[in-house]
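Comments concern the structure below.
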Amino acid sequence: MNVRFVLTALMEKNRLEFISSLFLYYYDKIVYGVIVMINSLQNEKIKNYAKLNEKKYRDESNLFIIEGAHLVEEAKNNGIIKEVLTTNPNIEGTLVSEEVMKKLTNQKSVVEVCAICTKLNNHEITDKVLILDNIQDPGNIGTLIRSAVSFNFNTIVMENCADIYSSKVLRATQGAIFKLNIINAKIDNFITSLNGYKIYGTSLKNGVGLKTIEKSPKLAVILGNEGNGVRNELLDMTDKNIFIEITNMESLNVGVAGGIIMYELGGK
């Protein structure tokens, strides 16, 4: 028998056994919980999730992205998370590379965790309603949402406003968005559907001072576009139009003004 042939056969057998053992080792690890990192920007799931940075795809899929531990925790408490993605192996979720996380969150800096969520469901209209007419600045939307939570305006109705599921608005809300009933609707139709509510517009023209308004058990306040205010056709549908009495300035930012009005009319 050729000794070299026998040795070569034994070595080949051992090599195959080694490779087989190595495969089974890592297969077992994957099956029994070792986290596998997604590092390809061409991964089909990652490409689909990254599209959620555009409103068109958020609307089509009824999904949106949140980023940061605080927002993820708030979303988890509301039971709307589809999948958590993270760069930290100590956080429960799908492990991804930093480059993939940048693609998902559309940011230059890396966040540690993000989540894919289903959009919020509408609920019963509450006693105090904030109506937003064509407000475009994400910071203003975020400020108004936080103030609405603080002062018991637990339903917000929006028409032609900045998308509440954009990353800028979500960051500005600091999680308050998960505490509200938010409805996208035609404002004139919504006002017509309300029964037993006092409807207040905001306008200097034919308006009365905020301090003269008595609190009502059921009320709705309309705030308008940063440059043009509330549309005239909506002002014509109100019970009264109000303004904030101020000195030394002609007007206030809509986020600030809305907070003052909600404090006066909705605060306990």
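Residue-wise test of (1) in a helix (DSSP H, G or I); (2) buried (at least 16 other Cβ atoms within 10 Å of the Cβ); (3) among the aromatic types (Phe, Trp, Tyr).
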| residue | (1), (2), (3) |
| --- | --- |
| Tyr57 | yes, no, yes |
| Ile66 | no, yes, no |
| Leu71 | yes, yes, no |
| Glu74 | yes, yes, no |
| Gly79 | no, no, no |
| Val84 | no, yes, no |
| Pro89 | no, no, no |
| Leu95 | no, yes, no |
| Met101 | yes, yes, no |
_Residues of the stretch 214-228 classified as within 24 Å of Ile183 (Cβ to Cβ) and more than 28 Å from the chain's Cα centre (by Cα), total_ = 3
*Which of the residues that make up the stretch 121-155 are among the hydrophobic types (A, V, I, L, M, F, W, C) and either in the same structural domain as Lys103 (by TED's automatic domain parsing) or over 16 Å from the mean Cα position of the chain (by Cα) (or both)?*
Ile125, Val129, Leu130, Ile131, Leu132, Ile135, Phe151, Phe153
*If you go through the stretch 31-43 one residue at a time, do you hit one that is surrounded by 17 or more Cβ atoms within 10 Å (Cβ to Cβ) and either modelled with pLDDT of 95 or more or of a type outside the set (Lys, Arg) (or both)?*
no
*Condition test on Ile135, is it assigned to a loop (DSSP other than H, G, I, E, B), in contact with a helix residue (DSSP H, G or I) (Cβ under 7 Å, 6 or more places away or on another chain), crowded, with 23+ Cβ neighbours inside 10 Å and not charged (D, E, K, R)?*
no
_I'd like the full set of residues that are surrounded by 10 or more Cβ atoms within 10 Å (Cβ to Cβ) and either at pLDDT 95 or above or among the polar types (S, T, N, Q) (or both), limited to the stretch 195-205._
Tyr197, Lys198, Ile199, Tyr200, Gly201, Thr202, Ser203
_Failed item in (1) of a type outside the set (Val, Ile, Thr); (2) in contact (Cβ under 8 Å) with a residue 40 or more places away in the chain; (3) under 21 Å from Asp127 (Cβ atoms), with Ser193 passing the rest_ = (2)
*asked:* Among the residues that make up the stretch 162-179, is at least one of them surrounded by 15 or more Cβ atoms within 10 Å (Cβ to Cβ), touching a residue at least 12 places away in the same chain (Cβ under 8 Å), more than 30 Å from Tyr57 (Cα to Cα) and of a type in the set (A, V, I, L, M, F, W, C)?
replied: no
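The values are calculated or read from the model by the stated rules, or taken from the named source; none is laboratory data. Note that this is a predicted model, so its numbers are computed, not measured. A quick note on method: Cβ atoms are made from the backbone with ideal geometry, for glycine too, and the neighbour counts reach across all protein chains shown.
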